[in-house]
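Notes follow once the structure below has been shown.
The values are calculated or read from the model by the stated rules, or taken from the named source; none is laboratory data. Quick caveat, the model's predicted, so the values are computed rather than measured. Here the Cβ positions follow ideal geometry from the backbone for every residue, glycine too, while neighbour counts run over all protein chains shown.
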There are 2 protein chains.
Amino acid sequence: MPNACVSCPVFSCVSYSSISLSQATSSNRRGSACNNLAFSGWKCRRQIFARAVGAIEKESAMAEKPGTFLRDSEGEPSGTNSVRARFEKMIRKAQDDVCVAVEAVDGHGFREDVWSRPGGGGGISRVLQDGNVWEKAGVNVSVVYGNMPPEAYRAAKPVNSPDNGSRLGSIPFFAAGISSVMHPKNPFAPTVHFNYRYFETDAPKDVEGAPRQWWFGGGTDLTPSYVFEEDVKHFHMVQKQACDKFDPSFYPRFKNWCDDYFFIKHRGERRGLGGIFFDDLNENDQEMLLAFSTECTNSVIPAYIPIVEKRKDMPFTERHKSWQQLRRGRYVEFNLVYDRGTTFGLKTGGRIESILMSLPLTARWEYDHQPVEGSEEWKLLDACINPKEWLQP
Amino acid sequence: MPNACVSCPVFSCVSYSSISLSQATSSNRRGSACNNLAFSGWKCRRQIFARAVGAIEKESAMAEKPGTFLRDSEGEPSGTNSVRARFEKMIRKAQDDVCVAVEAVDGHGFREDVWSRPGGGGGISRVLQDGNVWEKAGVNVSVVYGNMPPEAYRAAKPVNSPDNGSRLGSIPFFAAGISSVMHPKNPFAPTVHFNYRYFETDAPKDVEGAPRQWWFGGGTDLTPSYVFEEDVKHFHMVQKQACDKFDPSFYPRFKNWCDDYFFIKHRGERRGLGGIFFDDLNENDQEMLLAFSTECTNSVIPAYIPIVEKRKDMPFTERHKSWQQLRRGRYVEFNLVYDRGTTFGLKTGGRIESILMSLPLTARWEYDHQPVEGSEEWKLLDACINPKEWLQP
């Protein structure tokens, strides 16, 4: 079954938390106003969500980490065996594991902020800034409870499921995710980004036959300033191995999706050398996709850390540093202009510091910079313009 | 008469040039789909324009500056006395004057790029990068010819003018503007931005009684990292004096408009300490508004250069530099996320290097940076959060 919608904004950023969108009006039916405006499904949903800006609860700091951010009131299916409970457990363990691995290489520790929202949900933001190896590294987990207007539910659900449209009220949803960006200091050590998320809507209690919907989304991608082919191959190979354990079509499909997604349209180039990306994935068995997301999340350390260890102490010049800073500028352009999670999070009043944690510590914009053809800088740019099949024989 | 639309995207950035938008469909009538989606007039127009991305001609470099970028074919009113001709002359002289004034202070010269588009129009981009005083200073002029879909024309024209709607084909338009951002190195010397623009639609030849429309837009605003009250007062006083020569209501009105426009919504703060801003101005006499725009443009040098001369050699520490870099990060956030000219220009395939010339050479993002209450950094932030009446007795 094809995806009903190519990507779900609620998945792309899980830092904005606990959205109550029931104020949105019901004038946006998919196929009428949205299609008239040439919005695809996800754009439509993003519009619908983003219109309810005023309704978001402000987060507040917590002194201690709770055992879970899941509600256990309201008779929700938040038992320890539910997918949402197991997903939260998985991402919280992954946050610990990644931070331990990074601290072991860097020598500096992460700062931690814990926060929650009155209506349920919350998150843990961890940041390591100005370390020995990383300029800025952030690892967030968060859990979001919200209410989705019925239009967004209709736009989000698979095409062939029953509508029951006119009878739906606002639909409660749940989203949880881990999200991380790490920018090293050494210009030969690449930036990595990964993000894995799970989304569920509750079955509306008063509408018989209206199904609960769920989706997985995520990806891991590498953004070097210089191309070391062995590094990029290693990175992609780890992604492929994780994918191949579940479906041989996953790696080629999600590799291309990644190249398509991280495209800086106004530059005609990708922000980096890709990896894997998928969104709104619900056509496979739920248990299989939970296991797949877990495998991908656990692959971040073996995919990335050995590369940084190899490159972190390489000598470099001002020219290398300056080029890295220009590429960091491109990273900022992508995240602020195109990244769905970031742009959606900014519009809907999420926790700004968690959303913008992905931005590098420093970045640079030179007017009309053009690398000399054939130079090392040019090679990176060329690979960002013309994505390569890194694992071809 | 109130403005028909608060702001026109075609005015906000004149670097994208020579747009042919006739491919856009006619499903977006103001008051139907647009209002359903809670779009205001300008958002509606931006949508309509932005949908025709593929139709923009690629610019090409020119070896020499032409005497004018105006077409003189097709019987257009581009005689030397037309408003469009006088406006182009004014902004080209202003570009020369500002560059001479900046070079005199900096010691470095501007690089110049001249470009044109096959269908008419073009521009001159001048950039001074890594100078003695300025990190990056850009001054652009450009002239744009395009075709506006009838929906955009309807959305743009004053409310009480005749519609003749259903009979309109695509409307030829003309836009010309000067746009500049200058980022000094010294953290005590402020950034300035100014932009003045003129927009005209041709009266459709085959529709009797359909009026030619025209608007002026622009503004000059100051973005310091530290507040020197005498500097900010001087800057605002020069703006007020320029405004008061034409209408005593202009300064208070355009000062507030500026505070409203340069708002970084997700931060709850303005990018700087304001100045003046106006858009879609057509309720006054055209000659008066041409003279007013000229006065404002010519006020940039006396408003800004004396401040830089006073601050450019002040001793500073790493702390001051780091705070300046954080404020530069906010500048990037505003321009990439909110600025209509930038976001519209990026979407419609304008000349990227001219559009992004406004970005600082370097910028910085620290996680959760909070200035100490009462500190000099805090005072600036406070003034960005709570705009002040700098000229009150």
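Applying a threshold of 9 Å to beta carbon distances and a minimum spacing of six or more residues, or different chains, the list of pairs starting in the stretch A:86-97 at a residue that is buried (at least 21 other Cβ atoms within 10 Å of the Cβ) and ending at one that is among the charged types (D, E, K, R) reads A:PHE87/A:ARG197; A:ILE91/A:ARG197; A:GLN95/A:ARG126.
Could you tell me whether A:LEU281 is in contact with a His (Cβ under 6 Å, 6 or more places away or on another chain) and either surrounded by fewer than 22 Cβ atoms within 10 Å (Cβ to Cβ) or not hydrophobic (A, V, I, L, M, F, W, C) (or both)? No: the conditions fail for A:LEU281. Consider the stretch A:289-320 and keep the residues that are touching a Pro at 6+ places or on another chain (Cβ under 9 Å) and among the aromatic types (Phe, Trp, Tyr). The one that is surrounded by the fewest Cβ atoms within 10 Å (Cβ to Cβ) is A:PHE316. Among the residues in the stretch A:269-288, are any at pLDDT below 95, within 14 Å of chain B (Cβ to nearest Cβ) and not in a helix (DSSP H, G or I)? Taking every residue of the stretch A:269-288 in turn, none turns out to be at pLDDT below 95, within 14 Å of chain B (Cβ to nearest Cβ) and not in a helix (DSSP H, G or I).
Does B:VAL337 meet the test of being without any contact (Cβ under 8 Å) to a residue 60 or more places away in the chain, under 24 Å from B:GLU366 (Cβ atoms) and of a type in the set (A, V, I, L, M, F, W, C)? Against the criterion (without any contact (Cβ under 8 Å) to a residue 60 or more places away in the chain, under 24 Å from B:GLU366 (Cβ atoms) and of a type in the set (A, V, I, L, M, F, W, C)), B:VAL337 does not qualify. Tell me whether the stretch A:317-331 contains one or more residues that are on the phi > 0 side of the Ramachandran plot, out of contact with any Lys or Arg (no Cβ under 6 Å at 6 or more places or on another chain) and in contact (Cβ under 8 Å) with a residue 40 or more places away in the chain. No; the residues of the stretch A:317-331 include none that is on the phi > 0 side of the Ramachandran plot, out of contact with any Lys or Arg (no Cβ under 6 Å at 6 or more places or on another chain) and in contact (Cβ under 8 Å) with a residue 40 or more places away in the chain. Consider A:PHE188 carefully, then state whether it is among the aromatic types (Phe, Trp, Tyr) and modelled with pLDDT of 95 or more. Yes: the conditions hold for A:PHE188. When residues in the stretch A:360-374 are screened for being without any contact (Cβ under 8 Å) to a residue 40 or more places away in the chain, out of contact with any Asp or Glu (no Cβ under 8 Å at 6 or more places or on another chain) and over 19 Å from A:ASN186 (Cβ atoms), 5 of them pass. Checked against (1) more than 14 Å from chain B (Cβ to nearest Cβ); (2) touching a strand residue (DSSP E or B) at 6+ places or on another chain (Cβ under 8 Å); (3) touching a residue at least 24 places away in the same chain (Cβ under 8 Å), A:ARG212 passes all but a single condition, namely (3).
Residues that are in contact with a helix residue (DSSP H, G or I) (Cβ under 9 Å, 6 or more places away or on another chain), over 22 Å from B:ALA101 (Cβ atoms) and crowded, with 23+ Cβ neighbours inside 10 Å occur at least once in the stretch B:365-375. Screening the stretch B:305-393 for helices (runs of 4 or more DSSP H) wholly inside it with 3 or more residues that are within 20 Å of B:GLN129 (Cα to Cα) and within 14 Å of chain A (Cβ to nearest Cβ) returns the ranges B:318-333, B:352-355.
Restricted to the stretch B:135-172, and to residues there that are at pLDDT 85 or above and within 20 Å of B:VAL83 (Cα to Cα), the residue that is surrounded by the most Cβ atoms within 10 Å (Cβ to Cβ) is B:SER142. Within the set A:SER358, A:SER322, A:SER299, the sole residue that is out of contact with any helix residue (DSSP H, G or I) (no Cβ under 8 Å at 6 or more places or on another chain) and small (Gly, Ala, Ser) turns out to be A:SER322.
Taking the numbered list (1) assigned to a loop (DSSP other than H, G, I, E, B); (2) touching a residue at least 40 places away in the same chain (Cβ under 8 Å); (3) not aliphatic (A, V, I, L, M) in turn, A:SER293 passes all entries but (1). Being surrounded by fewer than 20 Cβ atoms within 10 Å (Cβ to Cβ), modelled with pLDDT of 95 or more and within 24 Å of the chain's Cα centre (by Cα): is that true of B:ILE352 here? The answer is no for B:ILE352.
Of the residues making up the stretch B:302-322, none is polar (S, T, N, Q) and within 17 Å of the chain's Cα centre (by Cα).
Total residues in the stretch B:220-239 satisfying the condition of being in a helix (DSSP H, G or I), touching a Phe, Trp or Tyr at 6+ places or on another chain (Cβ under 8 Å) and buried (at least 19 other Cβ atoms within 10 Å of the Cβ): the figure is 4.
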